[in-house]
Amino acid sequence: PSPAPSPGAMGAADRGSLMIAYLSVFIDMLGLSLIIPIIPFLALRFGADSTALGYIYASYNGAQMVSVPVTGWLSDRYGRKPLILASLFGSFGGFLIQGLATDLVTFCIGRVVTGIFGGSVPIVNAYIVDTVPTDLRPKYFAQLGAVIIVAFMFGPGIGAGLAQFTLQTPMLVASGVAGVGFLIALFAFKEPEKEGSKPKTAKTDVKENDLPAESKQHIGDVESSNLGTTRTSKHDEEEVSKPEYGPPIYIMYVISLIYALAFSGYIYYIGLLMFDLWGWGALEYGFVAMAASVFVVINQMTSFVYFQKAYGKHASLVFGSTFMGAGMLGISFLGTCVRCFSGLPLMAISLALLSVGVSFAQPAITSITSRYASKSEQGSVLGRSQALRALGQTLGPLIWGGVYGVQWQLVYVLCMALCLVIAALAIAVLYLNRRLPEHTDPKPKSVMEMTSMRIKEENASPEEVQALKQENLRLRQKLRKVIEEEEKMMDPDVMDTLQTGADPANAAQY
């Protein structure tokens, strides 16, 4: 038989197709971010009020909430390439409809089309799993997250500049870029091989009876040395059945929904507020959004990392939600004099606080939720959390649009209250965490302690002591290898990348 491919091997054709897949995501996200500073002012041109503006935002988010799970299933059934082509072509058509729209209904139809077909991110996630070896996936998932972040860092500024020609120009440019991406993918993208057509490697299922005696002995040594941790099916079943992990997960579900509701009050109505208070247009709003995005990304890559290592995930969520609440409160005190302290200076301070809060709270929610889910439930638990966040992003604009029409300050006061609720719920989760068995049950003695007791009790000879030390060292080395393998299979940082950096709804929050 032919030798198995190297675990770290990746073909040039796969790398080329992966670059095209990255390009498709970049085009989708760039097109989405280009029109962020345009929508409030285009809606005003159509005669829309704050409530109708909520319908515009909710139309896209609602379409995404329905289409993204279906897109993943369709790509599994019909292949990655057809769905990436459909995504790009749908984005081309959706942006074109928005650019040519002359009334609010037509514009909303274009938003729905863009939301339905703008689901390239889960397809590219699946493509990475199809083509990239396991040990290299964290690198490529991180690259995908970086592609999305770059698009949302500079897209609003580019869109604001294009809007100086006409307000429709960013949509038409986004449509043209999506069309070019469709043509590139049509001729250059390579469909990954199906699982059944791939040659079997060392990682395929093999019966233990087919292994040589040395491999059987190695498996037995590893299973005995790791105290049962390699018996994954039984272990996972035990993890799933533990009821004490249920309450923290359910509270995190509520936090995900509340976070999306609170943040939507800021992101979807701050542009309209700038227009109402100071008469600012798309250009000013676009560059403010770009500056806030850059600040969030830098802060998340620096201070958040150090804070979480020092104080933990739960403290990061409490800290982040508190800062978000402070930023919301500051916005509620904005005045009509742009040069006074209640104008631009207070806006800068408030947005800085809000950006710090977002950079801490958003990744902490995903990380904490993942911490309480067993390995076999990671996908389903995080999927429910993301679905609730999408629901909040759909309901938020509808709720806050009506509230804004009554009193705009009330939007940000209520959002501040929601942020404080998140902080309180995070403390409750931390309290439940301290009552989990791993924190309350007495710790078993380590292998070293047990060996020392055995040596002392049996009064072993020097030769026996040396032999016991060597055996202890061998067991620890094998246990370390098992732990390293499990960490590769389920790395919290990789999960954070998958659920934050590589998700368009979360990236849009930057």
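The values are calculated or read from the model by the stated rules, or taken from the named source; none is laboratory data. Bear in mind that the values here come from a model prediction, so they are computed numbers and not experimental data. Quick reminder, even Gly has a Cβ in these numbers, built from the backbone with ideal geometry, and neighbours come from all protein chains shown. The area values use the complete protein model at the heavy-atom level, side chains included, leaving out ligands, DNA and RNA. Shrake-Rupley method; radii C 1.70, N 1.55, O 1.52, S 1.80 Å.
One table, with the values for the structure above:
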read-out	value
Alpha carbon centroid spacing (whole Å) that separates the range 105-157 from the range 285-353	25 Å
Extension gain, residue 434 back to residue 15 (0.36 nm per residue minus Cα-Cα distance, nm)	146.3 nm
Accessible area of residue 434 in the full protein assembly, 1.4 Å probe (Å², nearest 10)	140 Å²
Listed residues 147, 254 arranged by accessible area, highest first, probe 1.4 Å	254, 147
Where labels lie 7 Å past Cα in the beta-carbon direction, separation of residue 413 and residue 78 in nm	5.1 nm
Size descriptor, Kirkwood hydrodynamic radius, that averages inverse alpha-carbon separations across the range 23-87, Å	13.8 Å
Kirkwood Rh in Å, taken over the range 239-317 so that all alpha-carbon pairs contribute	15.8 Å
Gain in span if fully extended, residue 100 to residue 310, counting 0.36 nm per residue against the direct Cα distance	70.4 nm
Nearest-0.05 FRET efficiency for residue 70 and residue 287, computed from C-beta distance (R0 41 Å)	0.65
Paramagnetic reach from residue 387 (point 7 Å along Cα→Cβ, amide N under 20 Å) across the range 65-79	65-77
In order through the range 407-424: 3J(HN,Hα) via Karplus (6.51 cos²θ - 1.76 cosθ + 1.60), integer Hz, x for Gly, Pro	7, 5, 4, 5, 4, 7, 5, 5, 5, 4, 4, 5, 5, 5, 5, 4, 4, 5
Carbon/sulfur fraction of accessible area - the range 268-320, other protein chains in place, 1.4 Å, %	70 percent
Virtual spin-label span in nm between residue 139 and residue 333, 7 Å along Cα→Cβ	5.0 nm
Average projected area [Cα convex hull, the range 68-182], square nanometres	7.8 nm²
The range 115-156 - percent of accessible surface contributed by carbon and sulfur, probe 1.4 Å	72 percent
Relative frequency of Cα-Cα separations exceeding 20 Å in the range 297-360, percent	34 percent
Using a Förster distance of 30 Å, the FRET efficiency for residue 340-residue 52 (Cβ separation, nearest 0.05)	0.45
Virtual paramagnetic centre 7 Å along Cα→Cβ of residue 165, amide N under 19 Å, in the range 268-284	282-284
